[in-house]
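Participant: Handing you a structure now.
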Amino acid sequence: MKVILKENVKNLGNMGQIIDVTDGYARNYLVPQGFAVEANTKNLRSLEHEKRLIQEKAKKLMMSARDLATKIAGIDIVIKAKAGEEGKLFGSVTSMDIAEQLRNAGIEIDKKKISLDEPIRRIGSYAVNIKLHSDVSTQVNVQIVGE
């Protein structure tokens with residue numbers, strides 16, 4: 001089934017693209033979630049108008065991601081955690097902890113956008129990458145201190 005994407009869908013395509021997917025995937029997931037519409041003649045005609053709206057929406061998303069990136073770049077996060085004598089933490093600091101600290105600083109970030117290769121398990125200073133948009137990413141400095 002051919003569908004027109006209304007949103008960016010990971011591993012599938014970007015807004016405004018016409019793609020071919022299985023019937024069940026389109027009927028059961030893409031269309032009900034509002035990610036796509038069926039590519040029939042009526043929808044293809046309205047695609048031109050939709051493309052302009054989609055481009056404006058994508059532009060707004062990009063601008064808001066850039067603004068958020070500049071906001072985040074100036075923030076240093078300090079996380080207190082219990083640690084042993086050698087600086088090894090009793091537990092770990094995860095992306096959820098970093099997202100919570102950003103939320104306390106007034107910035108709402110989904111923990112999935114914070115990329116940690118593995119949880120932080122030692123005291124120290126770390127640069128953590130945050131991917132806000134497909135073209136916009138920034139780093140936040142995370143300082144882990146012992147209690």
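Laboratory data are not the source of any read-out in this text; all were calculated from the coordinates shown. Predicted model only: the values in this text are computed from it and were never measured. Please note: Cβ atoms are built from the backbone with ideal geometry, for glycine as well, and neighbour counts cover all protein chains shown.
Participant: Compute the relative contact order of the chain as a whole-number percentage, counting only Cα pairs closer than 8 Å that sit 6 or more residues apart in sequence.
Facilitator: On the way: 220 pairs, mean separation 30.2, N = 147.
About 21 percent, as a whole number.
Participant: If you don't mind, another one. Of the labelled options (i) -0.29, -0.62, -1.56; (ii) -0.43, -0.72, -1.17; (iii) -0.38, -0.73, -1.20, which one gives log10 I(q)/I(0) by the Debye sum over Cα atoms at q = 0.09, 0.13, 0.21 Å⁻¹ as computed for this structure?
Facilitator: Correct label is (ii).
Participant: In nm, to one decimal, how far is the Gln33 label point from the Lys10 one, both placed 7 Å along Cα→Cβ?
Facilitator: Going from the Gln33 label point to the Lys10 one covers 1.0 nm.
Participant: To continue, here is another question. Provide the FRET efficiency to the nearest 0.05 for the Glu86-Ser115 pair, computing r from the beta carbons and using R0 = 22 Å. Write down the numbers at each step before the final one.
Facilitator: Working: r = 27 Å, r/R0 = 1.23.
So, using R0 = 22 Å, E works out to roughly 0.25.
Participant: Under 12 Å from the Cβ of Met63, count the other residues' Cβ atoms, weight Lys and Arg +1, Asp and Glu -1, and hand me the total.
Facilitator: Numbers: positive: Lys57, Lys59, Lys60, Arg66; negative: Glu56, Asp67, Asp135.
Result for the local shell: +1.
Participant: List the lysines whose alpha-carbon lies under 27 Å from that of Lys2, not counting same-chain residues fewer than 8 positions away?
Facilitator: Lys10, Lys42, Lys51, Lys57, Lys59
Participant: Follow-up question, since we're still on this one. How do Lys2, Lys60 line up, fewest other C-beta atoms within 10 Å first? Don't skip to the answer; put the middle values down first.
Facilitator: Details: Lys2 14, Lys60 10.
By the 10 Å Cβ count, ascending, the order reads Lys60, Lys2.
Participant: How many angstrom lie between the C-alpha centres of segment 118-133 and segment 1-66?
Facilitator: 33
Participant: Could you tell me the relative contact order of segment 2-66? Use alpha-carbon pairs under 8 Å, at least six residues apart, and round to a whole percent.
Facilitator: Working: 64 pairs, mean separation 20.7, N = 65.
Over segment 2-66, the number comes to 32 percent.
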